[in-house]
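Right, one structure below, let's go through it.
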Amino acid sequence: MFRNITFKTIRDRRMSLIWWNIGFVAMVFSIVALYPSIKESAAPLAEYVNNLPDAVKALFGGTDLTDIASPTGFLNAELFGLMVPIMFIIFATGFGSSAIAGEEEQGTMDLLLANPLSRRRVVIEKFLALALSVALLGFIMWLSLVIGAKIFDMTISTVKLAAVSLTSVLLGFSFGMIGFATGCLTGKRGLGIAVATIFAGGSFIFNAIAKLVEEAKDYEGLSLFYYHSDINPLKNGIDFGDVVPFIAVIAVALVVGIIGFDRRDIAS
Amino acid sequence: MAKVVVTTKNLTKYYGNTRGVESLDLEINEGEVFGYLGPNGAGKTTTIRMLLDLIRPTSGQASIFGLSTSTDTVKIKKRIGYLPGELELYKNMSGSDLIHYFAALRGGVDWNLVLQLAERFKYDMKKPVKTLSSGNKHKLGLIQAFMHSPELLILDEPTTGLDPLMQQEFYRLIQEVKKEGRTILLSSHNLPEVERICDRVGVIHDGRLITVENVSELKSKAVRTLEIHFASQVTAADFDNLEGISELKAEGRVVRCTVKGSLDGLVKRAARFEVVDLISHEPDLEETFLAYYGGLAN
Ligand SMILES: Nc1ncnc2c1ncn2[C@@H]1O[C@H](COP(=O)(O)OP(=O)(O)O)[C@@H](O)[C@H]1O
Ligand SMILES: [Mg+2]
């Protein structure tokens with residue numbers, strides 16, 4: 001576990017990782033377990049949802065809500081519309097913001113960088129630690145969904161579950177990388193979390209507004225939530241083009257992080 | 001002519017408007033123990049962290065082994081061992097895990113040497129870092145600095161927090177490293193320590209290098225306060241016309257004074273009377289600087 005910075009960083013967070021994964025399994029199962037009873041009372045529920053104000057519907061990521069009795073509609077409403085994105089964002093932002101900045105605030109960066117490593121190497125290894133951790137969480141979520149769907153008689157494509165798990169991971173990872181890059185630039189973990197949260201909150205609100213306000217509609221693609229919610233990967237699946245915006249954000253944040261960390265003084 | 005290992009040219013660091021160090025020109029030769037001496041806030045840590053490329057010079061440059069610290073830092077770091085002045089370690093690891101980690105990142109560490117160092121410093125590698133006393137943390141810091149037998153050791157206040165016994169062990173280690181022809185740069189705010197283990201000393205004060213001298217020269221300039229207790233009454237007149245003595249006061253059976261350089265004259269004069277006790281206070285660094293270099297520093 002101490003062979004490189006990536007593994008060591010993951011090991012440092014092993015307890016947190018274990019609890020997050022347990023939490024995700026519990027969250028998925030407790031929601032999926034509700035599905036059989038929801039299916040029963042489908043008609044009145046669909047009517048209730050249909051009568052919700054548009055603004056409320058917009059917050060839940062789209063029109064599919066009326067379809068709450070179908071597995072796709074149900075999972076989108078209960079998990080992927082809000083809960084899962086928030087969880088991934090919180091996880092990735094906490095991890096990403098402290099990846100570089102946390103080590104600096106602890107004061108251990110001096111010793112780490114006394115080893116014959118370039119700063120770029122340190123940033124990339126920390127980045128890989130974040131990527132692996134958030135991917136693991138996504139994989140565990142997907143696995144829980146597949147198993148949960150089997151147990152609770154939910155007919156849904158495992159491939160499309162994988163698609164929505166991937167966009168969930170990428171959504172969280174993207175905002176996590178904003179925290180990561182901020183940490184690389186400033187060495188301040190708290191600032192990383194704050195900046196990432198502002199971006200995530202702003203994107204979420206903008207995505208909701210774009211559904212309600214005609215003028216904003218043309219710019220809906222500016223919010224990363226669009227590529228998770230509106231594309232509706234659970235229903236439509238995804239192709240490579242759909243994940244490009246996430247990859248672009250992650251790549252830019254990584255480059256900014258590398259350059260930012262390389263240029264400045266390490267806090268003492 | 002010995003090879004020069006560390007060179008700085010006009011090296012300057014400002015933190016915003018605060019001066020860290022200014023126009024530093026330093027040369028450290030291969031195989032010497034170089035003491036970097038100065039009171040707190042003088043700029044020792046600033047200099048050392050620039051050599052490690054942890055902070056970047058405002059102007060000027062530094063090189064180690066003839067390689068630029070700003071472009072070849074990875075190559076340089078392969079060949080040096082570093083002990084930070086403010087040592088922080090991973091609290092969630094054991095000492096052994098931590099050394100394993102750094103050994104893996106560095107590569108080419110002889111584990112026997114690690115065990116030997118741990119034994120020398122009576123350091124228990126199994127204990128979690130968070131339970132270690134500051135002295136033990138310091139030992140861990142020293143082990144990681146020495147474990148790969150680096151050509152150059154850069155140690156920022158290496159004896160702070162070590163108990164006296166371990167300090168002696170550290171001094172012995174330094175002598176061994178020196179015998180092997182390796183180079184040591186260590187900072188200190190303790191003049192006797194530097195006098196004891198170093199060959200040459202660079203004195204820094206307020207961000208400026210005031211002088212670089214051989215230790216013997218420095219000794220001859222040290223200022224210390226002395227207190228002599230006699231069996232009977234003495235007067236100030238008994239001690240007049242002595243070279244290097246100032247601020248002499250005789251009160252009853254006790255004489256207090258400040259001595260610059262050699263104590264010989266004073267001790268011989270005191271021997272005319274019955275001496276009960278002789279107390280020499282550690283030379284005060286600040287006073288030494290002010291007495292000798294105060295003019296230059298401005
Ligand atoms: N990160 C920093 N930000 C601002 N000022 C600093 C910083 N680090 C050091 N200084 C200032 O630079 C000067 C030199 O400090 P330092 O190199 O730590 O001295 P020393 O190691 O000799 O005690 C001091 O005046 C100190 O206050
Ligand atoms: Mg210092």
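The values are calculated or read from the model by the stated rules, or taken from the named source; none is laboratory data. Keep in mind it's a predicted model, so treat the numbers as computed, not measured. Note: ideal-geometry Cβ built from the backbone for every residue, glycine included; neighbour counts use all protein chains shown. Just so you know, the surface numbers come from the protein's heavy atoms only, side chains and all, with ligands and any DNA or RNA stripped out. Shrake-Rupley method; radii C 1.70, N 1.55, O 1.52, S 1.80 Å.
Put simply, what bits of the stretch A:81-116 lose 40 Å² or more of accessible area when the other protein chains are there, versus the chain on its own (1.4 Å probe)?
Going by heavy-atom accessible area, the residues of the stretch A:81-116 that drop by at least 40 Å² are A:Gln106, A:Thr108, A:Asp110, A:Leu111, A:Ala114, A:Asn115, A:Pro116.
What quantity of accessible surface, computed with a 1.4 Å probe and excluding non-protein components, is buried in total between chains A and B, in Å² to the nearest 100?
In total, this chain pair buries about 2600 Å².
Quick one: accessible area per residue over chain B, 1.4 Å probe, rounded to a whole number of Å²?
Normalised by residue count, the accessible surface of chain B is 45 Å².
Which is farthest toward the positive dipole end of chain B among B:Thr8, B:Val114, B:Val212, measuring Cα position about the Cα centre, with Cβ charges +1 (Lys, Arg) and -1 (Asp, Glu)?
Sorting the options by dipole projection puts first B:Val114.
Summarise the accessible area of chain B (1.4 Å probe, protein heavy atoms) by the percent that is carbon and sulfur.
47 percent
Expressed in nm to one decimal, what extension gain is obtained for the pair B:Thr18 and B:Arg253 from 0.36 nm per residue of sequence separation less their Cα-Cα distance?
So the chain would gain 79.7 nm between B:Thr18 and B:Arg253.
How do B:Leu87, B:Leu263 rank by accessible surface area computed with a 1.4 Å probe, from largest to smallest?
Per-residue accessible area, sorted high to low, gives B:Leu263, B:Leu87.
Go ahead and set up a Gaussian network model of chain B, Cα springs under 10 Å, then flag whichever of B:His189, B:His148, B:His229 fluctuates most.
The residue that fluctuates most here is B:His229.
In what sequence, highest mean first, do A:181-187, A:75-81, A:208-214 appear when ranked by Cβ atoms within 10 angstrom?
Per-residue mean Cβ counts within 10 Å order the peptides as A:181-187, A:75-81, A:208-214.
Under 8 Å for C-alpha pairs, at least 6 residues apart: give me the relative contact order for chain B, rounded to a whole percent.
That works out to 20 percent.
Could you tell me the center-to-center distance, by alpha carbons, between the stretch A:220-268 and the stretch A:63-132 in angstrom?
Cα centres, the stretch A:220-268 to the stretch A:63-132: 12 Å.
Quick one: which of A:122-135, B:211-224 comes out on top by average Cβ neighbours within 10 Å, and what's the full order, highest first?
Descending mean neighbour count gives A:122-135, B:211-224.
Using a 1.4 angstrom probe on protein heavy atoms only, which residues from the stretch B:42-84 are buried by at least 50 Å² of accessible area when all chains are present rather than their own chain alone?
The answer is B:Arg49, B:Leu54, B:Arg56, B:Val74, B:Lys77 - residues whose exposure falls by at least 50 Å² when every protein chain is included.
Would you work out the relative contact order for chain A, in percent, from Cα pairs under 8 angstrom that are 6 or more residues apart?
26 percent
Select from A:Pro85, A:Gly192, A:Ser223 the residue farthest towards the positive end of the dipole of the stretch A:5-263; place +1 on Cβ of Lys and Arg, -1 on Cβ of Asp and Glu, and compute about the Cα centre.
Checked the options; the winner is A:Gly192.
Using the Cα centre as the reference, give the magnitude of the dipole from point charges on the C-beta atoms of the stretch A:8-144 (Lys, Arg: +1; Asp, Glu: -1; all else neutral), rounded to the nearest 20 debye.
620 debye
Explain nothing, just the number: relative contact order of the stretch B:223-282, from Cα pairs under 8 Å at least 6 residues apart, as a whole percent.
So the answer I get is 50 percent.
Among all lysine pairs in the stretch A:116-268 that are eight or more places apart or on different chains, how many have alpha carbons less than 26 angstrom apart?
7
Can you give the charge dipole size of the protein assembly as shown about its Cα centre, rounded to the nearest 20 debye, using +1 on the beta carbon of Lys and Arg and -1 on the beta carbon of Asp and Glu?
Dipole size: approximately 1020 debye.
So, for the stretch A:5-263, what is the accessible surface per residue at a probe of 1.4 Å, expressed in square angstrom?
Here the per-residue accessible area is 42 Å².
How many angstrom separate the Cα center of the stretch B:9-43 from the Cα center of the stretch B:172-192?
18 Å
Could you work out how far the C-alpha centroid of the stretch A:1-41 sits from that of the stretch B:85-116, in angstrom?
Their Cα centres are 32 Å away from one another.
Compare A:Asn236, A:Asn207, A:Asn115 in a GNM of chain A, Cα atoms joined below 10 Å, and give the one with the largest fluctuation.
Largest GNM mean-square fluctuation: A:Asn115.
Roughly how big is chain B's charge dipole about its Cα centre, with Cβ charges of +1 (Lys, Arg) and -1 (Asp, Glu), in debye to the nearest 20?
Its charge dipole is roughly 940 debye.
Among B:Glu151, B:Glu274, B:Glu22, whose mean-square fluctuation peaks in a Gaussian network model of chain B (Cα, cutoff 10 Å)?
Looking only at B:Glu151, B:Glu274, B:Glu22, the largest GNM fluctuation is found for B:Glu274.
With all protein chains present, how much of the accessible area of the stretch A:5-263 (probe radius 1.4 Å) comes from carbon and sulfur, to the nearest whole percent?
68 percent
Pull up the cross-link candidates among the aspartates and glutamates for B:Lys9, meaning alpha carbon to alpha carbon under 13 Å and not fewer than 8 places away within one chain.
Qualifying aspartates and glutamates at Cα under 13 Å: B:Glu22, B:Asp25, B:Glu27.
Under 13 Å from the 7 Å Cα→Cβ point of B:Phe273, by amide nitrogen: which residues of the stretch B:219-241?
It comes to B:227-240, nothing else.
Peptides A:195-203, A:83-91: what's the order by average Cβ count within 10 Å, highest mean first?
Final packing ranking: A:83-91, A:195-203.
Suppose each label sits 7 Å from its Cα in the direction of the beta carbon; what would the A:Ile18-B:Leu242 distance come out to in nanometres?
7.0 nm
Enumerate the lysines that B:Lys260 could reach by cross-link, defined here as Cα to Cα under 25 Å, with residues fewer than 8 away along the same chain left out.
By straight Cα distance, B:Lys260 reaches B:Lys219, B:Lys221, B:Lys249, B:Lys268.
B:Asn214 to B:Leu115: extension gain in nm, 0.36 nm per residue of separation minus the Cα-Cα distance?
Working it through step by step, the gained length comes to 32.1 nm.
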